[in-house]
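First up is the structure itself, then whatever we jot down about it.
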Ligand code: RP5
């Protein structure tokens with residue numbers, strides 16, 4: 001069964017449209033699984049009032065999980081988490097040339113003080129953010145649970161196929177068991 005509703009289940013927010021090169025992978029994954037989502041750029045330091053209104057209104061719009069991406073001193077996911085009880089998944093973005101190799105955004109999102117958690121994925125880990133969002137949604141939505149299981153099965157088959165391919169690799173000292 002596919003999604004039938006119009007309300008967004010996931011909201012993706014990024015600090016700048018320059019983050020879109022990373023965030024695109026999350027949007028594409030949700031699209032592939034037919035999960036409805038919002039996609040917006042809002043900045044915790046450039047448009048703080050709009051971020052507050054967006055986060056406070058997310059639940060009423062039907063959103064169940066928020067994905068927030070930011071680079072540099074990446075306070076956006078933490079600020080969003082402060083304004084909502086929805087789970088927030090943070091994507092640290094390695095972006096601007098002045099950034100410290102992305103470690104700045106990783107630590108800004110990962111090291112949230114106790115009380116306001118942000119589930120942090122790897123640097124530029126947008127696809128994992130989308131997968132984690134679908135797994136949260138799968139607790140409640142059976143049709144999404146079925147899709148999550150399909151994705152897991154596809155990964156299992158991929159590794160089976162990889163091992164088939166490796167079986168053909170011949171080396172003088174390779175030991176093959178079984
Ligand atoms: C952060 O500053 C954004 O999330 C982005 O990663 C970074 C640079 O933004 P731009 O100067 O490209 O708009 O707020």
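Condition test on residue 63, is it without any contact (Cβ under 8 Å) to a residue 60 or more places away in the chain, more than 9 Å from the ligand (Cβ to nearest atom), buried (at least 16 other Cβ atoms within 10 Å of the Cβ) and not in a helix (DSSP H, G or I)?
yes
Considering only region 87-101, how many residues are within 13 Å of the ligand (Cβ to nearest atom) and either without any contact (Cβ under 8 Å) to a residue 12 or more places away in the chain or part of a loop (DSSP other than H, G, I, E, B) (or both)?
Number of matching residues: 7.
Please verify whether region 41-48 includes one or more residues that are in contact with a helix residue (DSSP H, G or I) (Cβ under 9 Å, 6 or more places away or on another chain), more than 16 Å from the ligand (Cβ to nearest atom) and farther than 20 Å from residue 119 by Cα.
no
Just to be sure, is residue 43 out of contact with any strand residue (DSSP E or B) (no Cβ under 7 Å at 6 or more places or on another chain) and surrounded by 14 or more Cβ atoms within 10 Å (Cβ to Cβ)?
Taking the combined requirement at face value, the residue satisfies it.
If you check residue 123 against the conditions, is it part of a loop (DSSP other than H, G, I, E, B) and within 16 Å of the ligand (Cβ to nearest atom)?
Answer is yes for this residue.
Could you tell me which numbered condition residue 19 fails, if it satisfies all but one of (1) surrounded by 14 or more Cβ atoms within 10 Å (Cβ to Cβ); (2) assigned to a loop (DSSP other than H, G, I, E, B)?
(2)
So residue 84 fits all but one of (1) assigned to a helix (DSSP H, G or I); (2) within 25 Å of residue 49 (Cβ to Cβ); (3) touching a helix residue (DSSP H, G or I) at 6+ places or on another chain (Cβ under 8 Å); what number is the exception?
Result: residue 84 passes all but (1).
Does region 102-120 hold any residues that are part of a helix (DSSP H, G or I) and touching a helix residue (DSSP H, G or I) at 6+ places or on another chain (Cβ under 6 Å), and which are they?
Answer for region 102-120, where residues must be part of a helix (DSSP H, G or I) and touching a helix residue (DSSP H, G or I) at 6+ places or on another chain (Cβ under 6 Å): just 109.
Based on this model, can you work out whether residue 144 counts as assigned to a helix (DSSP H, G or I) and surrounded by 21 or more Cβ atoms within 10 Å (Cβ to Cβ)?
The answer is yes for residue 144.
Before we move on, is residue 55 touching a strand residue (DSSP E or B) at 6+ places or on another chain (Cβ under 8 Å), more than 15 Å from the ligand (Cβ to nearest atom) and part of a helix (DSSP H, G or I)?
yes
Take residue 70 and decide whether it is under 23 Å from residue 115 (Cβ atoms), under 14 Å from the mean Cα position of the chain (by Cα), within 10 Å of the ligand (Cβ to nearest atom) and surrounded by 17 or more Cβ atoms within 10 Å (Cβ to Cβ).
Criteria met by residue 70.
Are there any pairs, at least 6 apart or on different chains, whose C-beta atoms fall under 8 Å, with the first in region 8-24 and in contact (Cβ under 8 Å) with a residue 40 or more places away in the chain and more than 13 Å from residue 92 (Cα to Cα) and the second within 13 Å of the ligand (Cβ to nearest atom) and in a helix (DSSP H, G or I), and if so, which?
Cβ pairs passing all conditions: 12/23; 24/126.
Values quoted throughout were computed directly from the atomic coordinates according to the rules given, and no laboratory measurement underlies them. Here the structure is a predicted model, which is why all the values come from computation and not from measurement. Cβ sites come from the backbone with ideal geometry, for glycine too, and all protein chains shown count toward neighbours.
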